[in-house]
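Notes for the one structure printed next.
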Amino acid sequence: MAMWLEFLISLLIVVSGIFILVGSLGLLKLPTLMTRLHAPTKATTLGVGGALLASVAFFLGGERTLSVHELLVTGFLFLTAPVTAHFIAKTYLHLYPEERKTLPVLPEPQQGWSTYVASRSPRADEQQDSPHE
């Protein structure tokens, strides 16, 4: 294997390790759920993606084979991590509607599947419709 390729693989692994370390520390040290979401979805995703790219470079340069598994895992990781973080954040905002005040104000009320619109909780509807009151 060429020296420049070994250097590239080593560099990818070291940079990936730094991203994973920073992401893990952020997950442990940041105070709230909304701030903790950034650590695993941003830094750790880049760290694992870099390690997978180092694996692809190793097999491509060393064994002259293209490893499709790492490419598929990388694609899956980059697609699922942001979607999962989005759903966790949206669930958090529905559980804690008082956090709505901390969000930026939109110029016009926009509603859609990917936006947060405060709605009445199902429990409030049940309490109003309850004949026991």
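What follows is calculated from the coordinates using simple rules that are stated; it is not laboratory data. The shown structure was predicted, so the numbers you read here are calculated from the model rather than taken from an experiment. Don't worry about glycine lacking a Cβ; one is built from the backbone with ideal geometry, like all the others, and counts go over all protein chains shown.
Below is a table of values for the structure above.
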item	result
Stretchable slack from E98 to V15, in nm (0.36 nm times residue separation minus alpha-carbon distance)	26.0 nm
Per-residue HN-Hα couplings for the range 78-89 [Karplus 6.51, -1.76, 1.60; θ = phi - 60°; Hz; x = Gly/Pro]	5, 8, 8, 4, x, 5, 5, 4, 5, 5, 5, 5
Per-peptide average of other Cβ atoms within 10 Å, ordering 78-88, 19-29, 59-69, 42-52 highest first	42-52, 19-29, 78-88, 59-69
Neighbourhood net charge (15 Å Cβ-Cβ; Lys/Arg +1, Asp/Glu -1) for A43	+3
Partners for K101 among lysines (Cα-Cα distance below 21 Å; same-chain residues under 8 apart left out)	K90
Those lysines that a straight Cα-Cα span of less than 20 Å connects to K29, excepting residues fewer than 8 apart in one chain	K42
Distance in nm between pseudo-label sites at A89 and E63 (7 Å out along the Cβ direction from Cα)	3.9
Residue-wise HN-Hα coupling along the range 3-10, computed from phi with Karplus coefficients 6.51, -1.76, 1.60 (Hz; x: Gly, Pro)	5, 5, 6, 4, 5, 4, 5, 4
